[in-house]
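Everything below concerns the one structure shown next.
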């Protein structure tokens, strides 16, 4: 057996293992998605990908996608861990730990301070017992059925314009500079990140909208539509607005709900952990908390310095902060 870094062409075997273990069609990744996620224009750099190989066959896989994050007023490098996989005939032997150990050695050299994960039930236990992850928070989905019947009422504003964003530019950078310290811990949501994460993704269409006042970007929202069997779902994937302007936060959320109604979705949902300015608006409109799922985190070095990352109250976390599915 050999543990090694990714080499060109491995993605075909990695995805074959992925499809074998996670056959749900709506969660099926492909080669363009893999290359975008691991080798695309991520401003934080390429992913770290490690595999275990036996007789020329990849039997274990683990990866982390780097993210630039804002941590208590400072910019640092962190990552999102994804793709914890072991071939069925090799499961139960603890192989994932050996692969993860090698990966995290590389992560430390690269300066990746921490790695967060959003695992399913089985992966949750493995991450905590074998890989040193700790609990951060339970992320609950905010969800409601889309109201049906009658014309959609749009909230009009003499000051604010709701407009589609084809490409994020310096105006998004200016917005981030104003909003970057609203939260203690948050992904760095500047134009380079937003374009890579949402507008460059090849296998999924996102709908990006901005709230403009006198030509200035005051906030944005990222929306997604997808079909789950016969049910059309709408996600608020990410949202950010300037501090001190509750009217802009309300405007963005309300216009997102109008978009869903106009597209005749059946269900609307979002993750907005740590952002009462948005989640309280949704709850007022009938959204309820359902399906909690654990957010976990591993501190790779300087654990005392970064201990605050294990307190879920410090995080702003949305669907956009996981590249695994959403």
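Can you find even one residue in the range 292-299 that is more than 29 Å from residue 29 (Cα to Cα), surrounded by fewer than 21 Cβ atoms within 10 Å (Cβ to Cβ), touching a residue at least 40 places away in the same chain (Cβ under 8 Å) and touching a strand residue (DSSP E or B) at 6+ places or on another chain (Cβ under 7 Å)? Outline the logic, then answer.
Start the filter on the range 292-299 by keeping residues that are more than 29 Å from residue 29 (Cα to Cα), which leaves none.
Within the range 292-299 (the criterion being more than 29 Å from residue 29 (Cα to Cα), surrounded by fewer than 21 Cβ atoms within 10 Å (Cβ to Cβ), touching a residue at least 40 places away in the same chain (Cβ under 8 Å) and touching a strand residue (DSSP E or B) at 6+ places or on another chain (Cβ under 7 Å)), the answer is no, since none of the residues qualifies.
Given the residues 38, 61, which is the only one that is surrounded by 14 or more Cβ atoms within 10 Å (Cβ to Cβ) and either under 19 Å from the mean Cα position of the chain (by Cα) or free of Cβ contacts under 8 Å to residues at least 12 places away in the same chain (or both)? Walk me through how you get there before you give the answer.
Details: 61 fails: either under 19 Å from the mean Cα position of the chain (by Cα) or free of Cβ contacts under 8 Å to residues at least 12 places away in the same chain (or both).
Being surrounded by 14 or more Cβ atoms within 10 Å (Cβ to Cβ) and either under 19 Å from the mean Cα position of the chain (by Cα) or free of Cβ contacts under 8 Å to residues at least 12 places away in the same chain (or both) holds for just one of 38, 61, which is 38.
So which residues in the range 304-326 are out of contact with any helix residue (DSSP H, G or I) (no Cβ under 6 Å at 6 or more places or on another chain) and more than 18 Å from residue 118 (Cβ to Cβ), if there are any at all?
Residues satisfying the conditions are 304, 305, 306, 307.
Among the listed residues 251, 301, 209, identify the single one that is part of a loop (DSSP other than H, G, I, E, B) and either touching a helix residue (DSSP H, G or I) at 6+ places or on another chain (Cβ under 6 Å) or under 23 Å from residue 186 (Cβ atoms) (or both).
Selected residue: 301, the only one of 251, 301, 209 that is part of a loop (DSSP other than H, G, I, E, B) and either touching a helix residue (DSSP H, G or I) at 6+ places or on another chain (Cβ under 6 Å) or under 23 Å from residue 186 (Cβ atoms) (or both).
Can you name the number of the only condition in (1) crowded, with 18+ Cβ neighbours inside 10 Å; (2) more than 21 Å from the chain's Cα centre (by Cα) that residue 246 fails?
(1)
Given the structure, is residue 31 more than 25 Å from residue 300 (Cβ to Cβ) and without any contact (Cβ under 8 Å) to a residue 60 or more places away in the chain? Lay out the reasoning, then the answer.
Numbers: more than 25 Å from residue 300 (Cβ to Cβ): yes; without any contact (Cβ under 8 Å) to a residue 60 or more places away in the chain: yes.
It is true that residue 31 is more than 25 Å from residue 300 (Cβ to Cβ) and without any contact (Cβ under 8 Å) to a residue 60 or more places away in the chain.
Count, please, the residues in the range 71-82 that happen to be surrounded by fewer than 22 Cβ atoms within 10 Å (Cβ to Cβ), over 14 Å from residue 299 (Cα atoms) and touching a residue at least 24 places away in the same chain (Cβ under 8 Å).
3
Quick one: is residue 230 surrounded by fewer than 17 Cβ atoms within 10 Å (Cβ to Cβ), in contact (Cβ under 8 Å) with a residue 40 or more places away in the chain and out of contact with any strand residue (DSSP E or B) (no Cβ under 6 Å at 6 or more places or on another chain)?
On the way: surrounded by fewer than 17 Cβ atoms within 10 Å (Cβ to Cβ): yes; in contact (Cβ under 8 Å) with a residue 40 or more places away in the chain: no; out of contact with any strand residue (DSSP E or B) (no Cβ under 6 Å at 6 or more places or on another chain): yes.
Answer is no for this residue.
Starting from residues that are assigned to a loop (DSSP other than H, G, I, E, B) and modelled with pLDDT of 95 or more, keep the ones in the range 153-171 and report whichever is surrounded by the most Cβ atoms within 10 Å (Cβ to Cβ). Write out each step before concluding.
Within the range 153-171, the subset assigned to a loop (DSSP other than H, G, I, E, B) is 153-159, 165-169.
Retained after the next criterion (residues that are modelled with pLDDT of 95 or more): 165-169.
On the way: 165: 22, 166: 8, 167: 11, 168: 25, 169: 13.
Looking at the filtered set, the residue picked out is 168.
Report whether or not residue 177 is assigned to a loop (DSSP other than H, G, I, E, B), more than 16 Å from the chain's Cα centre (by Cα) and surrounded by fewer than 22 Cβ atoms within 10 Å (Cβ to Cβ). If you could, list the steps in order and put the result at the bottom.
Numbers: assigned to a loop (DSSP other than H, G, I, E, B): no; more than 16 Å from the chain's Cα centre (by Cα): yes; surrounded by fewer than 22 Cβ atoms within 10 Å (Cβ to Cβ): yes.
Judged against the criteria, residue 177 is not a match.
Being assigned to a loop (DSSP other than H, G, I, E, B) and within 14 Å of residue 226 (Cβ to Cβ) is the filter here; which residues of the range 195-206 pass it? Spell out the reasoning first.
Step one: of the range 195-206, the residues assigned to a loop (DSSP other than H, G, I, E, B) are 200-205.
Listed by number, the residues that qualify are 201, 203, 204, 205.
Would a scan of the range 128-148 turn up a residue that is exposed (fewer than 15 other Cβ atoms within 10 Å of the Cβ), modelled with pLDDT under 95 and part of a loop (DSSP other than H, G, I, E, B)? Full working, then the answer.
We begin by selecting, within the range 128-148, every residue exposed (fewer than 15 other Cβ atoms within 10 Å of the Cβ); these are 129, 134-135, 138, 145, 147-148.
Among the residues that remain, those that are also modelled with pLDDT under 95 are: 129, 147-148.
With the extra rule that they be part of a loop (DSSP other than H, G, I, E, B), the set shrinks to 147-148.
Yes, the range 128-148 has at least one match.
The values are calculated or read from the model by the stated rules, or taken from the named source; none is laboratory data. Since the model is a prediction, treat every value here as computed from it, not as a measurement. Positions of Cβ are backbone-derived with ideal geometry, glycine not excepted, and every protein chain shown enters the neighbour counts.
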